[in-house]
Amino acid sequence: MASIVHDRDNTLERPGQRAPLVTGGHDLHGVTEVVCRVAESRTAPAAWYLTMGVSAALLAALGAMIGYLFFEGVGVWGLNNPVGWGFDITNFVFWVGIGHAGTLISAILYLFRQKWRTGINRFAEAMTIFAVMCAGLFPGIHIGRVWLAFYLFPLPNQMAMWPNFRSPLLWDVFAVGTYFTVSLLFWYMGLIPDLATLRDRAKSKLSAFLYGLFSMGWTGSARHWHRYERAYLILAALSTPLVLSVHSVVSFDFATSVLPGWHTTIFPPYFVAGAIFSGFAMVVMLAIPCRALFGLKDLITLRHLDNMNKVILATGLMVGYAYTTEFFVAWYSGSAWELFAFKARAMGPWWWSYWIMFSCNVFVPQIFWFRWARTNIPVMLVVSMLVNVGMWFERFVIIVTSLSTDFLPSAWDTYWPTWVEAWTMAGSFGLFFFMFGLFCKFLPMVAISEVKAVLPHDAHAPAAGGHGH
Amino acid sequence: MSASTVTKKSAATAGPATAPHSLVAEFASADALVRACEQVRNAGYTRWDAHSPYPVHGIDRAIGIRATRLPVLIFLCGATGTTIGILLQWWTNAVNAGVEFPWVPTFLQGYNFIISGKPYWSFPANIPVIFELTILLSAFGAFFGMLALNGLPQHYNPLLRVDRFRRVTDDRFFISIAMDDPKYGSATRRLLEGAGAAAVEVADDVKESAPPRWFLRAHVILACFLLIPLAVIAYMRVDKQTQPRIHIVQDMDNQERYTAGKQMANPVFADGRSARPKVAGTLAREDFTQDPHYFQGRIGDQWAVGIPMYHPELQKLAGGAAEVNEQLMRRGRDRYAIFCSHCHGLDGAGVGRVATYTTEREIGFVPPKSYVDPDVLVRPVGHLFNTITNGIRTMAPHGDQIPVADRWAIVAYVKALQRAQTATLEDVPTDERSRMTQPK
């Protein structure tokens, strides 16, 4: 067993020493044990059963709401003319945004050689996949005639009918579709060696069969690792521009229209920053209960949370900057409609949602300037939840205020969601947490082989030298 | 079957006939593995491999693994994605395929896709899809290329039959040397032990490994089931349906409604009646045939020459009088200013604002005829009425904008304009004449 500092507080920067990435003095086998124990134990913490119960109920509600929607048509939602997008697209943008942190951690931090990412990348990637599933759901069900959903894709058909490739909505289909596929491949590829670990430790026939099937016969061969690492690096390099493109394309849905409050060039970078912001908040929100419930505190250390809180602070500042710039430009542009749209956001009928957004996203994260707040679990739990609330409202504000009051006062109308929309949204959280719960219980929550690679794995490695090979 | 089930039985337990396949040596640390690899390599072995729970630094050089061709493969996939992105968008949105490539079957034909007057082929708008397809295909290349070059999935592997080898995914490091390696011999085991192996073991291979009968049968049955959707689609494509589509959700076909016959109270209207009374001014078809003078400006097959002042609506405009009077004229002037003056001008000379605007900019608008044009001067009032109602040549009809009585008022006013502009001294009352003829 390598000797490293047996100190759970690895958030301090001691001069001349690298803070360990893994606490608790684990060796290779120790890491395997910590992670695999969760999947191998026959029971789970009571909180897990509770979460699964609640989210399964919400998932059932989601199914019921979608069934009702398909049967009755989109009239069961509160949408109207001019507010043709409401909760549906708000939720879509919210969930896509959540996904972005996962890719950022797995791809961008990988390219920047941020070794601390190994503790959190697996479940951040899982979060991405489930979030994108929730996101993809909403545009899918909001189209009205769901049985014609295949019109979204360029499929040869006897009507010789093709999609309009110059529309941002079509770009969305390609961007989100690619994003989901690539994230899934990336995640699954990372899982292969760890599934092999579970296969080799499996006690029951069924788990040996399933883990064996999905680990594809991995033997940790050096020749395999060589190509694997190459592929992993290239996938990371591909995912990086991809993730930036996805939320940019989502923002084009708004920015390429002529509506005041939407038609702004700041949207792509502002959307990407917001996505990373909310995504990191979600990772923190998920990491806190997971590391406590499943005994992962040595792998997902306080330092990880501290780092993520710093990212939240930074991206929160970017988002705040974007809000301010938007207002400034609305005034500076001299466009009466633009200025009106922004005044209406802050002081119109939806002023309260604007100020929820502003306070949660700009004021609340400022507490992370203080180290005690960044390392205090209850504080960060509250902040991360508020950030998610704020980011949800950001999308709501953008969509609803701009649509409800456009150029022509005679066309104005207000919007209020129906119970169906409210339950559909709650149901999407059910779907997310249900999938995430299954993942936590049955798959390795931490990338075992990646953590091993950054362990001080040789006896003569310097104490507290968290730096790997 | 899956490798895992095989792994459970070690080579020692009774099972299918086996034969030795390769030699497996275990090492305790990554450093020991790297050192041992160097020795095996220097000894000239070729069919061998190292195994570790994580990618070990420096092992590539120790074994002599050459850089993989995977990046080239990925690049080619990406380039394919780019090409598909360009061709797909060009073909479906920016080419007149029906005319230029008529031999292409309909379901594959693209066309010039008209949308908001945008250019058919506008590269900036095509970039997102090209980009996404490039990434998507590159990612496929990376993932599936990695698997293919690694020969995965490989669910059966003799190494996985060795109990000890299971720790390769946990905390142990291994070297495996295949027995069909040309260098393989009795020295091999000694070499491994000398290189610091903690243990050396033989991995056995199952001699004949035909999959069980039920496995094959299950696959055949599954394949047959998978063909069913395809068969249904193929059948649907050639079959002709005589019945309309089945509507599962009937609420478009049978909608809720308020029926007048059932005397249902209707909350939409203040008086609660479902059957609505006539909207003011609604005309029955017979009205037109019964009073063609008033409604069409005709008497028999001739244009009417008099204004139908007998009609109560028109009398209302004249303040109850049965003849054309000043009040009716004022009404006519008022309506004329609203509906006609912008083209014909306030004086009817044909130079209203629309006319001047269009002539200045040479828009190609036929100028309105002057009311004192000899052709127009002789038109009977019935004809003028018809011009307003139904339009004439390039002038659009105004019947749906102006109520009938108002149209007659306008006709009266147009007549007055004509009269005023063709007036002679004789038209002026005698007592006024002297004033006009007096030199200033």
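The values are calculated or read from the model by the stated rules, or taken from the named source; none is laboratory data. Remember, it's a predicted structure, so these values are computed and weren't measured experimentally. Note: ideal-geometry Cβ built from the backbone for every residue, glycine included; neighbour counts use all protein chains shown. Each accessible area value is taken on the protein alone, full model and side chains, heavy atoms only, with ligands, DNA and RNA left out. Shrake-Rupley method; radii C 1.70, N 1.55, O 1.52, S 1.80 Å.
Can you list residues from other chains, or at least 5 along the same chain, whose modelled amide H is less than 5 Å from the amide H of A:G86?
Excluding prolines and chain starts, which carry no amide H, there are no hits.
Quick one: helix A:336-347 against the long Cα principal axis of chain A, what's the angle to the nearest 10°, folded into 0 to 90?
Around 60 degrees separate the two axes.
Quick one: with all protein chains in place, what share of the accessible area of the stretch A:28-453 is carbon or sulfur, to the nearest percent (1.4 Å probe)?
The nonpolar share, carbon plus sulfur, comes to 74 percent.
Whole-Hz Karplus ³J(HN,Hα) for the stretch A:32-43, in order, using 6.51 cos²θ - 1.76 cosθ + 1.60 and θ = phi - 60°, x for Gly and Pro?
Each residue's phi maps through the Karplus curve to give 4, 4, 4, 6, 6, 3, 4, 6, 8, 5, 6, 10 Hz.
Residues of the stretch A:212-232 that become at least 50 Å² less accessible with every protein chain present than in their own chain isolated, using 1.4 Å: which are they?
A:M216, A:T219, A:A222, A:R223, A:H224, A:W225, A:H226, A:R227
In whole Hz and in residue order, list the ³J(HN,Hα) couplings for the stretch B:62-76 that follow from phi through the Karplus curve 6.51 cos²θ - 1.76 cosθ + 1.60, θ = phi - 60°; x for Gly and Pro.
In residue order, the calculated couplings are 4, 8, x, 7, 7, 4, 6, 8, 3, x, 5, 4, 5, 4, 4 Hz.
Tell me which chymotrypsin sites (Phe, Trp or Tyr not before Pro) from the stretch B:80-122 have a DSSP coil assignment and no more than 11 other beta carbons within 10 Å of their own.
Passing sites in the stretch B:80-122 are B:W103.
Trypsin sites (Lys or Arg not before Pro) within the stretch B:187-224: which are DSSP loop residues with at most 13 other Cβ atoms inside 10 Å?
Details: sites: B:R189, B:R190, B:K207, B:R213, B:R217; in loops: B:K207.
Sites meeting the loop and neighbour criteria: B:K207.
What is the distance in Å between the Cα centroid of the stretch B:122-179 and that of the stretch A:47-114?
31 Å
Rounded if a/c is under 1.5, else prolate if a/b beats b/c, else oblate: with a ≥ b ≥ c from the C-alpha gyration tensor eigenvalues square-rooted, which is the protein assembly as shown?
Prolate, because a/c is 1.5 or more and a/b exceeds b/c.
How large is ³J(HN,Hα), in whole Hz, for each residue of the stretch A:371-383 in order, when computed from phi with the Karplus curve 6.51 cos²θ - 1.76 cosθ + 1.60 and θ = phi - 60°, using x for Gly and Pro?
Couplings: 5, 4, 6, 5, 10, 9, 4, x, 4, 5, 5, 5, 4 Hz.
Past the 28 Å Cα-Cα mark, which pairs from A:K115/A:K441; A:K297/A:K441; A:K205/A:K297; B:K278/B:K369; B:K183/B:K207; A:K205/B:K183?
Among A:K115/A:K441; A:K297/A:K441; A:K205/A:K297; B:K278/B:K369; B:K183/B:K207; A:K205/B:K183, the Cα-Cα distance tops 28 Å for A:K205/A:K297; B:K278/B:K369; A:K205/B:K183.
Pop out a list of residues from the stretch A:29-51 that are at least 30 Å² less accessible with all the protein chains around than in their chain alone; 1.4 Å probe, no ligands or nucleic acids counted.
A:H29
What do you get for trypsin sites (Lys or Arg not before Pro) in the stretch A:248-327 restricted to DSSP loop and a cutoff of at most 15 other Cβ within 10 Å of the site's Cβ?
When the trypsin sites (Lys or Arg not before Pro) of the stretch A:248-327 are filtered for loop state and at most 15 Cβ neighbours within 10 Å, A:K297 remain.
Using alpha carbon centroids, what distance separates the stretch A:196-227 and the stretch B:287-302, in Å?
Taking the Cα centre of each part, the stretch A:196-227 and the stretch B:287-302 sit 94 Å apart.
Can you list residues from other chains, or at least 5 along the same chain, whose modelled amide H is less than 5 Å from the amide H of B:D205?
B:A19, B:H21
How much accessible area is lost when chains B and A come together, counting both sides, with a 1.4 Å probe, in Å² rounded to the nearest 100? Show your work: numbers first, answer last.
Numbers: alone 30310 and 20850 Å², together 44670 Å².
Separately minus together, B and A give about 6500 Å² buried.
So what's the angle, to the nearest 10 degrees on a 0 to 90 scale, between helix B:326-339 and the longest Cα principal axis of chain B?
It works out to around 30 degrees.
I'd like the orientation of helix A:205-215 relative to chain A: the angle between its Cα long axis and the longest Cα principal axis, in ° from 0 to 90, rounded to 10.
Approximately 70 degrees, to the nearest 10.
Could you tell me whether the stretch B:281-440 comes out rounded, prolate or oblate from its Cα gyration tensor? Rule is a ≥ b ≥ c as square roots of the eigenvalues, rounded for a/c under 1.5, then prolate if a/b exceeds b/c, otherwise oblate.
Working: a/c = 1.95, a/b = 1.16, b/c = 1.68.
Verdict is oblate for the stretch B:281-440.
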